[in-house]
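J.: Structure below; questions to follow.
No value in this document is a laboratory result; all are computed from the given coordinates. Remember, predicted model here, so these are calculated numbers, not experimental data. For neighbour counting, all protein chains shown are included, and Cβ atoms are generated from backbone atoms with ideal geometry for every residue, glycine included.
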Amino acid sequence: MLARFPEAKVIAWTISDSSDDLLRMMQAGCAGYVLKDAGPSELQRALLATLRSESPVPRRMIPAVLRRVAESTPILSRPQVKLTSREMQVLRAAAKGHTTKRMAKDLGLAASSIESHLRNLFKKLDANNRGEAVSSALKIGLITLSDL
C-alpha cells in the first residue's frame, strides 16, 4: 500500500505486545502501533497523533523496544550531528515516550515549537518519525539507555 500511496499513514492495530512485532511493523513503514485492548479514546488519540506526523506506540512498550534496538545495534563512530540543547531536551523526552503536549508543558514551550524542534531533529538525524530519530540517536551515541 505504501509503495502505491507513499503519503498514506498506516497504523498497526494488533493484539501483539511483542517488541519484535512492533519493530517489524515500524520497519515496514507503519506510522504507529496500537494494541487492540486500547479504549476508543486511546485509539482516537493515536489516529490524531498520526495525522500530526507523530508515531503513536503503547508507552509501556517503548523502553523494551529501545533497549532491544540499542542492544542489537553497534555504536557507530559519532558523525557530525550538531543538536542544540533544546533539540537534545526534545530528543530525550521523545525517547521517554512523552507526547508533544507533555513536552510543551515540561519545557515551557508551545506545542508548535516542539513540532518545529522535532522536524529539525528528523532532518538532522535523517529520520521520518520519533522512533527512527531515537533509534538513530542511540546508534550514534547522542543518547544512551540511561536517557530512556
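J.: Could you compute how fast the chain diffuses translationally, taking Rh as the Kirkwood radius over C-alpha pairs and applying Stokes-Einstein at 25 °C with viscosity 0.890 mPa s? Give it in µm² per second.
T.: 156 µm²/s
J.: Could you give me the radius of gyration and the Dmax of the range 11-61, taking only the C-alpha atoms into account and expressing both in angstrom?
T.: So, for the range 11-61, Rg and Dmax equal 10.0, 26 Å respectively.
J.: Within a 10 angstrom radius of the beta carbon, how do LEU48, LEU22, LEU109 rank from fewest other beta carbons to most?
T.: By the 10 Å Cβ count, ascending, the order reads LEU48, LEU109, LEU22.
J.: Taking other Cβ within 10 Å of each residue's Cβ, how do HIS98, HIS117 sort, fewest first?
T.: Least to most surrounded, the residues fall as HIS98, HIS117.
J.: Distance between the C-alpha centers of the range 20-53 and the range 117-148? Whole Å please.
T.: Between the Cα centre of the range 20-53 and that of the range 117-148, the gap is 19 Å.
J.: Also: Assuming R0 = 35 Å, can you tell me the calculated FRET efficiency for the pair ILE140 and ASP37, based on Cβ-Cβ distance, to the nearest 0.05?
T.: Efficiency at R0 = 35 Å is approximately 0.50.
J.: Turning to a different aspect of this structure: Using Cα positions and a limit of under 28 Å, work out the lysines in reach of LYS82, with same-chain residues fewer than 8 apart set aside.
T.: The qualifying lysines are LYS96, LYS101, LYS105, LYS123, LYS124, LYS139.
J.: Which parts of the range 31-57 would a label at ARG4 reach, counting a residue when its backbone N lies under 19 Å from a point 7 Å out along Cα-to-Cβ?
T.: 31
J.: Same structure, new question: What value, in deg cm²/dmol to 500, does the helix sum -39500 (n - 2.57) over DSSP H runs of n ≥ 4 give at 222 nm once divided by the residues of the chain?
T.: So the calculated ellipticity at 222 nm is -15000 deg cm²/dmol.
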